Amino acid sequence: MSKRFFDTILSCLGLLLASPLLLIVAGLILIWDGSPILFRQIRVGRNGRDFILNKFRTMTRLQEGFQGFFDVGNKNRVTRVGAFLRKTKLDELPQLWNVLKGDMSFVGPRPEVRKWVVAYPERWTKVLEVRPGITDSASIYYRNEEELLAQAEDPEAYYRDYILPHKLDLYEEYVRTRSFFGDIYLIYKTILSVLLPGCYSCHQDSVSSGK
């Protein structure tokens, strides 16, 4: 089974089954936090092409966010509904539409804004040979990334100099070793990390290896 065929079937099924939940979450955001319901941002996709990533909005709106404004670790902007959505990863559900369109895959390196791609262009050229994904080993390893950044003296520098290079190590390993059953296993591990977050600390070596 080809990966694209799998993504198409699973995203259609996911959107169908999750449609009641999508409506409920959208309603809660609208009632408690107002519009817009979605957070939309330009990310870099396969072969370096830009696309618009969709997530449920979890923070107060900044116009600069669409272009990739970096405000990670600032919990003061997280909304009431947003805190729950982030903890449960329900904010990622609208990316099923990105998967259906072909911008993303279920499993693959997480897409970044252009700012972070140009920081390590040669490494990203290899990583972007594949479609970016909703989840991968780096997403599980850095599940608590915001907490790490909130504790950093300079969150932006810490992300650029420490977290992002390690993510790129994991992305490159995925590109080298990717397989259909490997993707299924990463989806399984992602579900476990959401249901049993205590089992997946951001410093767990077994997760970083993707095995």
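The values are calculated or read from the model by the stated rules, or taken from the named source; none is laboratory data. Values in this document were obtained by computation on a predicted structure and should not be read as measured data. Using ideal geometry, Cβ is built from the backbone for each residue, glycine included, and neighbour counts are taken over all protein chains shown.
Quick notes on this structure:
- Taking the criterion of being closer than 18 Å to Arg110 by Cα and at pLDDT below 95, the only residue of the range 5-39 that qualifies is Phe39.
- At least 2 residues being crowded, with 23+ Cβ neighbours inside 10 Å is the threshold, and among the helices (runs of 4 or more DSSP H) wholly inside the range 77-149 those reaching it are 95-101, 137-141.
- Scoring Tyr188 on the criteria (1) within 16 Å of Pro109 (Cα to Cα); (2) at pLDDT 90 or above; (3) of a type outside the set (Gly, Ala, Ser) leaves a single failure, condition (1).
- When the range 31-62 is limited to residues that are assigned to a helix (DSSP H, G or I) and among the charged types (D, E, K, R), the one that is farthest from Trp97 (Cα to Cα) turns out to be Asp33.
- Residue within the range 44-56 that is within 15 Å of the chain's Cα centre (by Cα), surrounded by 16 or more Cβ atoms within 10 Å (Cβ to Cβ) and closer than 15 Å to Phe84 by Cβ present: yes
- When Ala157 is tested against (1) over 28 Å from Cys12 (Cβ atoms); (2) surrounded by fewer than 17 Cβ atoms within 10 Å (Cβ to Cβ); (3) in contact with a helix residue (DSSP H, G or I) (Cβ under 9 Å, 6 or more places away or on another chain), just one condition goes unmet, and that condition is (3).
- Being of a type outside the set (A, V, I, L, M, F, W, C), farther than 20 Å from Thr88 by Cα and either in contact with a Lys or Arg (Cβ under 7 Å, 6 or more places away or on another chain) or modelled with pLDDT of 95 or more (or both) is true of Lys167.
- Any hit, the range 23-30, residues being at negative phi and assigned to a loop (DSSP other than H, G, I, E, B): no
Yes/no per residue for (1) touching a Leu at 6+ places or on another chain (Cβ under 7 Å); (2) modelled with pLDDT of 95 or more; (3) at positive phi:
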{"site": "Asn76", "(1), (2), (3)": "no, no, no"}
{"site": "Lys89", "(1), (2), (3)": "no, no, yes"}
{"site": "Pro94", "(1), (2), (3)": "yes, yes, no"}
{"site": "Val99", "(1), (2), (3)": "no, yes, no"}
{"site": "Gly102", "(1), (2), (3)": "no, yes, yes"}
{"site": "Pro109", "(1), (2), (3)": "no, yes, no"}
{"site": "Glu112", "(1), (2), (3)": "no, yes, no"}
{"site": "Val117", "(1), (2), (3)": "no, yes, no"}
{"site": "Pro121", "(1), (2), (3)": "no, yes, no"}
